[in-house]
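Trainee: Here it is, the structure, as C-alpha cells.
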Amino acid sequence: MIVVVLSILQAGFVFALISAMKSYQTSMIIIYGIINFLVLFCWFGLFMVQPKVGKVLQLFGSYVGTVREPGLRWANPFYSKKAVSLRVRNFESGQLKVNDNSGSPIEIAAVVVWEVIDTAEAIFEVDDYEDFVSIQSEAALRNMATSYPYDQHEEGDISLRSHPQKISDALKLEVQNRLDKAGVKVIEARISHLAYAPEIANAMLR
C-alpha cells in the first residue's frame, strides 16, 4: 500500500514540477522541487522483513522498536535497521573435560535449543548474543557437571548417568538463568555425551 501511495505522490508532483517549469513559475518550481525531494527521500524508509526475523530500529543510537511482522514495511528513513533471527537454533558444545563432584575426571557435552524472544536485550545487553549463548552454555554445563557424581553411589542419589531427565532439567535452568539478560529463551537442554575420561575409564567401568 505504501508503495502505491508513494508512487502516486511521486508521479503527481513530478508532473506538477514539469508543468511549473514550462510556465516559468519560479516559486512553484522551488516548492514542487522540495516536495519531490521529500517524497523521494521517503522511498528510503521501505525495508523487507523476512519470516521469523525481527528488525531492530534505532534512531541515532537510541532504541525505537522492533518490527516482527513479515513483508514490505516502512519506517522513518533515519532509522537504522538491524536484523535479528527469531528462529529456533541449536548449540552443541564440544566435549568438555571436567571433574564430577566426587573428583573423577569425565567428558561431557550438551545440546541447547534456544531462540531470541527479546530483540532489544539481545542487541543492547551483550556484545554478541550468539557468542554469549555458546560461552554461557558451556560455563553452565561445567558448573552443573561438577555438582553431581557420574554414577549413583547411594540409593536415592542423583547422578549424571542415572537421572538424565533431572540432569537435563537442572542444566536447562542453569543455562536459562545465565541467558535471561540476553533476551534468550532456552527451549531444551540435554546431555549429548557422557563418559569417564580415557585415562580412568577402564578402571572405573570394571
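Please treat every number below as a calculation from the coordinates, not as lab data. For clarity, every value in this text was computed on a predicted model and none was experimentally measured. Methodologically, a virtual Cβ is constructed for each residue, glycine included, from the backbone with ideal geometry; neighbour enumeration extends over all protein chains shown.
Trainee: Taking neighbour counts of Cβ atoms within 10 Å as a proxy for exposure, in what order, fewest first, do LYS181, LYS52 appear? Please report the intermediate quantities before stating the final value.
Mentor: On the way: LYS181 15, LYS52 12.
Starting with the residue having the fewest Cβ neighbours, the order is LYS52, LYS181.
Trainee: Got the relative contact order for region 89-204 handy, in percent, Cα pairs under 8 Å and 6 or more residues apart? Kindly include the intermediate steps, with their values, before the conclusion.
Mentor: Details: 208 pairs, mean separation 42.4, N = 116.
Relative contact order for region 89-204 comes out at 37 percent.
Trainee: Along its principal axes, what span do the Cα atoms of region 85-143 show, with the longest given first and each in whole Å?
Mentor: Computed over region 85-143, the largest-to-smallest principal extents equal 42, 20, 14 Å.
Trainee: Going Cα to Cα from LYS55, which lysines come in below 24 Å? Please leave out same-chain ones fewer than 8 positions away.
Mentor: Candidates past the 8-residue exclusion: LYS81, LYS82, LYS181, LYS185.
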